[in-house]
Structure formats: C-alpha cells, structure tokens
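Take a look at the structure below.
Rule-based calculations on the coordinates, nothing more; no lab input. These figures come from a predicted structure and were not determined experimentally. In this analysis, Cβ positions are derived from the backbone assuming ideal geometry, glycine residues included, and neighbour counts consider all displayed protein chains.
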Amino acid sequence: MSFFDVHGEYTKPALQIVTTTKTNTSSTSLAGSGDEDGVGLDATITPKTTSSRILIVASINFDTNRQNCAGGFRIRRGGETGTLIGNADSASNRFLVHSGFCANQDMDQSNRHVSLLFLDHPNTTSATNYVIVPYKLESGSMQFYINRAQNDGNEADDGRFVSTITLIEFGN
C-alpha cells in the first residue's frame, strides 16, 4: 500500500491499525498545578519490528469549567505515567503540551474539539500503550469533561460527542 502527500509517493507499508472509540461521557477533576489524569483515551499496539513508526491520530471532544486555556493535552507512551512524547519545547514560564484546551467564554452548550497527530518511534516489539491525558497548569481545581459540555442539560440543543485514538504502524 502507498499514499501520496505533497512530497510525492510514500511507499512504506501500513502494517496494522488499532483504534479505540469512546462514545460514553466521563469527567475528572484536575486538582492542582501540573495535574494530569487519564479519561479513557488510550490504545495499545504491538509493533512488528523495532524500526516501525507509530502514527498517533486522536480526535477529542471535551469541555472544562474554565474560561481560559489553563492547560492542554499530552501524549504518553507506556500508560498514564509513561514517557511524555510529542510535547512542545521548553519556553520560559509557558506550559508545555501537544495541543491546548482553547478558551470557553460563555461556558454554555459548548463543545471544544482538538485533533492530535504525532509520529513516534518506540523502538520495541513489545505491547506499547499510548494515552492522551489532559494537563492542567494553574493551581486550584478544574473539572474536565469528555464527550459532553460542562452544562449537560437534557435539551434538544445540547449535544453528545465521540472521541477516538487511532494507532497506525508503518514499516520502515
């Protein structure tokens, strides 16, 4: 199998695809500065070779009870406390994440969406778990909601959503 991008044809084979789809809602409380917690967005793949690359593709629908950004999403290899991958470079006092939460000014009937893409080289043939975790920067608590808005009334104009994480192994 091959595909084309702006650089031409890419002929490395897609060896396997693993996906997790989260259709239910959940929430977690992020208690303090630097707090992270999983929300059920993880998938495990067993690479066929140590030279394989794993493309992580995630689509996340969420909300928080904060009006400012206050954090974002991180990708970890090896579970919720595993190795941090795909993070921004150090930048003075700024927090480091793969993608930010965005602001939520009205905090009513809102849904925020983030897509993540990262190509990893785990250099293993062991089962490897990738997890997306929300990360909170500021002190004080923040409630994080997945697949629903903060204000989740049972009304016709309130939505429910789906989040996914997909792992695609490419041979090298």
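Worth a mention:
- Convex hull projection area averaged over all views, segment 117-171, Cα basis, nm²: 6.8
- Protection proxy ranking for 144-155, 15-26, using the average of other Cβ atoms within 10 Å per residue and placing the highest first: 144-155, 15-26.
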